Number of protein chains: 2
Amino acid sequence: MRKLYHHWLTPASRKIRLALTEKRLPFELELERTVDRRPEFLALNPAGEVPVLVEDDGTVVAGGGPIAEYVEEAYPGATLLGHTPASRAETRRLIDWFDAKFGREVTENLVGEKLHKRMERTGTPNAQAIRAGLANIHYHLDYIGWLAERRTWLAGDEFSLADIAAGAHLSCVDYLGDVPWDEHPDAKIWYARIKSRPSFRPLLAETVPGAPPPPHYADLDF
Amino acid sequence: MRKLYHHWLTPASRKIRLALTEKRLPFELELERTVDRRPEFLALNPAGEVPVLVEDDGTVVAGGGPIAEYVEEAYPGATLLGHTPASRAETRRLIDWFDAKFGREVTENLVGEKLHKRMERTGTPNAQAIRAGLANIHYHLDYIGWLAERRTWLAGDEFSLADIAAGAHLSCVDYLGDVPWDEHPDAKIWYARIKSRPSFRPLLAETVPGAPPPPHYADLDF
């Protein structure tokens, strides 16, 4: 069985879990505490980061970006990127927006500071970073709302890896209760549609030991 | 004529300049001072970052990752990624290694602190960050040497975007004279081969006003 090494509340792992499920590619999850730097895991990915995908034939693909592209190439058919080079470029621009910009400006400041530092015992939360994350998220929710008002899904007419990347990040921040949904109704409507997809259910059911999510987290009518 | 918005000593811009030249796709360069946040430029890329590619037909592709993938899809033929999903995954793993890990651990700490902060008047160099960058680079040069000893090029038998991404970052750091080549002979041999490619010449000829490179920077026999 295909295996995916992941860790709790890491958006890149969640992105690949969603992508594999949307593409109907079965996999088993293996929790990897990357902070332990296991030699067997470093042999799979010298960068020491999740996600890592191991195929039945032994093929190893390391990293959220490379796995997403690999899955599209190895299993063509229902695409999650788009049908033309230009539409695929727009999907990838938005994937980068969430994985790089949202990640740096919001997720790292909130999930990184409040949760990962505690789980991995790598330091104490930085209050200034948390304030920055809480301030920055409004701009990103405005952008999601702006896109969702003009397009069926974030990158265009079809559900894509752009929605998946955005949903992966927002679900991690929402686990902390730090997404001000009521101030951003257009983004909230988009997220409600994401949340109701069957691929999202396993993420909403997962809880991190010692850090339960707020009640609205798994509620489809939040 | 195809247009590429770039800025001096930004590895993502250099990566695309190299990729376009290697694929024999002519382009004209347009210097964009992203710190000015020009509305016309933000309309092309709301993230406000270079590189941005504008095709003759008006297609806009924003971001180093999306442009590299777009160029492969829109102009197939001599690939810079590889021929199988698995070999392309290995190329992309290494592109990520340099663009994300090397970028965060080395380039931002050295080029970002010493040069971009001064050019863009966004602060004063952080001595602790510079020390971290100078320490971190050894590990990365060891990794390049390790790969170069075992493979013809970084990702395998063929010259690829992995070599281009690594060369783009290292050329920016080398512009400051901060690459300890003599302590890493295997990495140095690999870089000498990169440096002698015709696609590299325009980068080596470019100088930043007020910040000339050291004499060895453009020297093929360094």
Over the range B:17-50, the set of residues within 13 Å of B:ARG2 (Cα to Cα) and of a type outside the set (A, V, I, L, M, F, W, C) is B:ARG17, B:THR21, B:ARG24, B:PRO26, B:GLU28, B:GLU30
The range A:147-218: helices (runs of 4 or more DSSP H) wholly inside it with 2 or more residues that are small (Gly, Ala, Ser) are A:161-175, A:185-195
Scanning the range A:24-57 residue by residue, the ones that are modelled with pLDDT of 95 or more, within 19 Å of B:LYS101 (Cα to Cα) and hydrophobic (A, V, I, L, M, F, W, C) total 7
Matching residues in the range A:21-60 (among the acidic types (Asp, Glu) and over 25 Å from A:VAL208 (Cβ atoms)) number 3
Within the range B:94-117, restricting to residues that are of a type in the set (A, V, I, L, M, F, W, C) and surrounded by fewer than 22 Cβ atoms within 10 Å (Cβ to Cβ), the one that is modelled with the highest pLDDT is B:ALA100
For the range B:122-175 the number of residues that are under 25 Å from B:PRO215 (Cα atoms), open to solvent by less than 40 Å² (accessible area, probe 1.4 Å) and of a type outside the set (A, V, I, L, M, F, W, C) is 9
Taking first residues from the range B:81-92 that are more than 8 Å from chain A (Cβ to nearest Cβ) and second residues anywhere that are open to solvent by 40 Å² or more (accessible area, probe 1.4 Å) and part of a helix (DSSP H, G or I), the pairs with Cβ under 6 Å that are 6 or more apart or on different chains are B:LEU81/B:ARG88; B:GLY82/B:ARG88
Picking from B:THR21, B:THR91, the residue that is within 24 Å of B:THR207 (Cα to Cα), surrounded by 17 or more Cβ atoms within 10 Å (Cβ to Cβ) and at pLDDT 95 or above would be B:THR21
Filter the range A:32-60 for residues that are open to solvent by 60 Å² or more (accessible area, probe 1.4 Å), of a type outside the set (Lys, Arg) and closer than 21 Å to A:GLY112 by Cβ; the one that is nearest to the other protein chains (Cβ to nearest Cβ) is A:GLU49
Just checking, does the range A:61-73 include any residue being in a loop (DSSP other than H, G, I, E, B), in contact (Cβ under 8 Å) with a residue 24 or more places away in the chain and either open to solvent by less than 20 Å² (accessible area, probe 1.4 Å) or not assigned by TED's automatic domain parsing to the domain that holds A:ALA187 (or both)? yes
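The values are calculated or read from the model by the stated rules, or taken from the named source; none is laboratory data. On a predicted model such as this, the values are computed, not experimentally measured, just so you know. Every residue, glycine as well, gets a Cβ built from its backbone with ideal geometry; the counts of neighbours run over all protein chains shown. Only protein heavy atoms, including side chains, enter the accessible area calculation; ligands, DNA and RNA are left aside. Shrake-Rupley method; radii C 1.70, N 1.55, O 1.52, S 1.80 Å.
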